[in-house]
Amino acid sequence: MSIADFMFTPREQRVLSLVLSTPERTFNLAELMSRSGAGSGAGQHTVRRLWEAGVLRESRMGNQRLFQANTDFPLYPELRSICAKSFGLAGMLREALAPLVDEIDEAFVFGSVARGTDTAGSDILYGAASSLTDVSPWRARRARMPRRVACDRAAKVESSGAPE
């Protein structure tokens, strides 16, 4: 259970995570549904609710409706912060690394994402100390992230406990 479940449904969290992590990017409705994993009927309802509330901005290109985060929404900074701290990029990394939790001692985000100065073109940089030898399960999960993910991995160092 996400710490934001009392405020947003899991579907709303997935849509918000996608648009708030790349606020300058526009998504057509089909892409938003596909990338957020929302079904067409319920997903459209979610997008409509967020648009009617002013959280999303709509534009048109021909017959296509495009949506993006409304950075002028009065609660935008707070929503982005909630997203980043719970179900956003950090939450997505946490979810992607969950099956590998027994092999990871520490993981942390650094760089522009950690400073809050990231843009759509910024890589998600994280570090991990682990005993992980087969990284193929992580590669498949990393491919589903909304932005490029780069990892600095350090091998787990066993300590004898005795000072040197």
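The values are calculated or read from the model by the stated rules, or taken from the named source; none is laboratory data. Just so it is clear, the model here is predicted, and its values are computed rather than measured. We place every Cβ from the backbone using ideal geometry, glycine too, and count neighbours over all the protein chains shown.
General observations
- The conditions of being outside the structural domain of Thr133 (by TED's automatic domain parsing), touching a residue at least 60 places away in the same chain (Cβ under 8 Å), farther than 27 Å from Ala128 by Cα and within 15 Å of the chain's Cα centre (by Cα) are met by Arg25.
Let's see how each residue does on (1) at pLDDT 80 or above; (2) in the same structural domain as Val15 (by TED's automatic domain parsing); (3) not small (Gly, Ala, Ser):
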{"residue": "His45", "(1), (2), (3)": "yes, yes, yes"}
{"residue": "Val55", "(1), (2), (3)": "yes, yes, yes"}
{"residue": "Glu58", "(1), (2), (3)": "yes, yes, yes"}
{"residue": "Arg65", "(1), (2), (3)": "yes, yes, yes"}
{"residue": "Ala69", "(1), (2), (3)": "yes, yes, no"}
{"residue": "Phe73", "(1), (2), (3)": "yes, yes, yes"}
{"residue": "Met92", "(1), (2), (3)": "no, no, yes"}
{"residue": "Phe110", "(1), (2), (3)": "no, no, yes"}
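- Segment 93-115: number of residues that are within 12 Å of Ser130 (Cβ to Cβ) and of a type in the set (A, V, I, L, M): 5
- Taking segment 1-119 as the region of interest, the strands (runs of 3 or more DSSP E) fully inside it that hold 1 or more residues being in contact with a strand residue (DSSP E or B) (Cβ under 9 Å, 6 or more places away or on another chain) and closer than 28 Å to Ser136 by Cβ are 104-110.
- Of all residues in segment 23-66, those that are in contact with a Lys or Arg (Cβ under 8 Å, 6 or more places away or on another chain) and surrounded by 20 or more Cβ atoms within 10 Å (Cβ to Cβ) total 5.
- Among (1) in a strand (DSSP E or B); (2) closer than 21 Å to Arg25 by Cβ; (3) at pLDDT below 85, the one test that Ala129 misses: (2)
- Of all residues in segment 4-53, those satisfying the criterion of being within 13 Å of Leu66 (Cβ to Cβ) and among the hydrophobic types (A, V, I, L, M, F, W, C) are Val19, Phe27, Leu29, Ala30, Leu32, Val47, Trp51.
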